[in-house]
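Trainee: What follows is a structure written as structure tokens; I'll ask about it next.
Each value in this text was obtained by applying a stated rule to the coordinates, not by laboratory testing. The structure presented is a predicted model; accordingly, all values stated were derived computationally and were not measured. Here the Cβ is made from the backbone with ideal geometry for all residues, glycine too, and neighbour counts use every protein chain on show.
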Amino acid sequence: MINGKQKISIFFALLLFVFIGTYLISLRSNQESLLVEDSLEVPYTNNIEINGQKFDLTLAISPQDAARGLSGTTSLPINEGMLFVFKVPGTHGFWMKDMNFAIDIIWISGDNKIVHIQHDATPESFPEVFEPNDPAVYVLEINSGLSREHGFEIGTNITFLPNSEA
């Protein structure tokens, strides 16, 4: 038999559970709402150049694209990458959930400069979340080691190219 104090404790435990669940759902929704929506015009192409190295990009613009990212992909061609595009600058965190290979994660500011590089992020690092110290609008994922190989560093400029130049 449950007494009055136990009923109150159970009620408050359930109430706390509902509040925490609602809070966690709202956090996920807020993060997804920071991504550029499919219907918005993207002001650039899917090709970039960094230190003379050109990359053909898959754009992650919608929340669905961003959630999937490169997860489940078995490999990435050497001159390709995935670019995540956000509406507002922020310290957008990334993890290696369901990844099959190591990557470099590059955060890029609104003025197209590298603000942080996570070199050699491995699938085994999950559930660690990687994030920059400075705000970024774009996050680029490329094959592990390419950042060092091509001399990418904090402050390096990124150039968005017309599609025909990649």
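Trainee: Could you order peptides 67-76, 47-56 by the average number of other Cβ atoms within 10 Å of their residues, highest first? Display every interim value, and only then the final one.
Mentor: Values: 67-76: 14.4, 47-56: 16.9.
Output ranking for 67-76, 47-56: 47-56, 67-76.
Trainee: Figure the gain on full extension for residue 64 and residue 7 (residue separation times 0.36 nm, minus the Cα-Cα span) and round it to one decimal in nm.
Mentor: Working: separation 57, 0.36 × 57 = 20.52 nm, distance 4.16 nm.
Between residue 64 and residue 7, full extension yields 16.4 nm more.
Trainee: Residue-wise, which Karplus ³J(HN,Hα) couplings in Hz belong to the range 63-73, taking 6.51 cos²θ - 1.76 cosθ + 1.60, θ = phi - 60°, and x for glycine or proline?
Mentor: x, 5, 4, 5, 5, 6, x, 9, 4, x, 6
Trainee: Hey, another quick one. So the label point goes 7 Å from the Cα of residue 150 along Cα→C-beta, right? Which residues of the range 48-85 then have their backbone N under 14 Å from it?
Mentor: Counting only backbone N, you get 48-58, 77-83.
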